[in-house]
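Student: Pasting a structure below so you can have a look.
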Amino acid sequence: MRYHYVWLIWSATFLLPWLALYVANANYRRNMWRMSLLTSTLGLTEPVFVPEYWKPPSLFELALRTGFDIESLIFSFAIGGIGAALYTTFTRFEARPVEAAERAHRWHRFHLYALLAPVVSFVPLYLLPWNPIYAAVGALLIGAAGTVLCRPDLARDVLIGGALFLGLYAVFMLGLRWLTPGYIEQVWNLRALTGVLIAGIPLEELLFGLAFGAYWTGLYEHFAWKRIAAP
């Protein structure tokens, strides 16, 4: 089948920046593994998006037959580590413990709620009469907003991290379009989306890149009571 290995190759290519960040950021390697393993479980949500959002040819045609595929696990693993380490590597900042006195601030009463916001909000968003990609983007943005409200010190990290991941993700999407002409038009369910293409990239993919980067940047620090600061 045409494009049979594109999804596999494209998802595996994300392991290259993952490896580069791993090598460049020695102090963050354990966190990268933790966040990548956590994010890899999101690959199990692929049946939510197939075929409503897209229908990628995959190994053994698993995506079209079952909704699940191996490529989604690879992709989710890679972007999890990238999203967690891209900002700290780019700025050369370090994660430091949040002082005990600051943890007692009244805003931190919502610590757990902010962490769970994307998971809790996804279900009602998914039930709305729109494509599931909008529910995913909305849930991620709600999670990013919850992080900023609960931890204002992470606001800069969320904004810059979202922009950095968006830029990297856009490069990968452009590469996909240039190296495999017609793939996006054949695989993405564009008629169920806005139909807006920016340099040939579906708007929804760019929104996902921004939302994922914004939420995933600082997620570990939020969970582990860390602050990203200059060394």
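Computed from the coordinates by the stated procedures, all read-outs in this text should not be read as laboratory data. Predicted, not measured: the structure shown is a model, and the values here were computed from it. So basically every Cβ, Gly included, is an ideal-geometry build from the backbone, and we count neighbours across all protein chains shown.
Student: Ranking request for peptides 57-63, 194-200: highest mean number of other beta-carbon atoms within 10 Å first, then the rest in descending order. Could you put the intermediate results ahead of the total?
Tutor: Values: 57-63: 17.1, 194-200: 11.9.
Ranking the peptides 57-63, 194-200 by packing returns 57-63, 194-200.
Student: Run the quick spin-label model on Ala199 and Arg34: label points 7 Å from Cα toward the beta carbon, then report their separation in nm to one decimal.
Tutor: Reported label-point gap for Ala199 and Arg34 is 3.4 nm.
Student: Rounding to the nearest 20 debye, state how big the charge dipole of the chain is about its Cα centre with +1 on each Lys and Arg Cβ and -1 on each Asp and Glu Cβ.
Tutor: Charge dipole of the chain: 500 debye, to the nearest 20.
Student: Now for a separate question. For the chain, with a Gaussian network of springs between Cα atoms less than 10 Å apart, report the residue from Pro181, Pro51, Pro152 with the top mean-square fluctuation.
Tutor: Sorting by GNM fluctuation, first place goes to Pro181.
Student: Convert each backbone phi in the stretch 58-72 into a coupling constant with the Karplus relation 6.51 cos²θ - 1.76 cosθ + 1.60 (shift: θ = phi - 60°), then list the ³J(HN,Hα) values in order as whole Hz, x for Gly and Pro.
Tutor: 9, 4, 6, 6, 5, 4, 6, 7, 10, x, 8, 7, 5, 4, 5
Student: Extending each Cα 7 Å along its Cβ direction at Ala155 and Val48, get the distance between those two points in nm, one decimal.
Tutor: About 2.9 nm separates the two model spin labels.
Student: Can you give the FRET efficiency to the nearest 0.05 for Thr13 and Leu116, using r as the Cβ-Cβ distance and R₀ = 41 Å?
Tutor: The value I calculate is 0.80.
Student: Hey, how much of the P(r) for the chain falls beyond 25 Å, as a percent of Cα pairs? Can you show the working numbers first?
Tutor: Working: 10719 of 26565 pairs.
More than 25 Å apart: 40 percent of the Cα pairs in the chain.
Student: Put a dot 7 Å past each Cα toward the Cβ at Ala145 and Tyr126; how far apart are the dots in nm?
Tutor: Using points 7 Å along Cα→Cβ, the separation is 2.0 nm.
Student: From zero up to wherever the largest Cα-Cα distance of the stretch 35-95 sits, split into 5 Å bins and tell me the percent of pairs in each.
Tutor: Here the calculated profile for the stretch 35-95 is 4, 19, 22, 18, 14, 9, 6, 5, 2.
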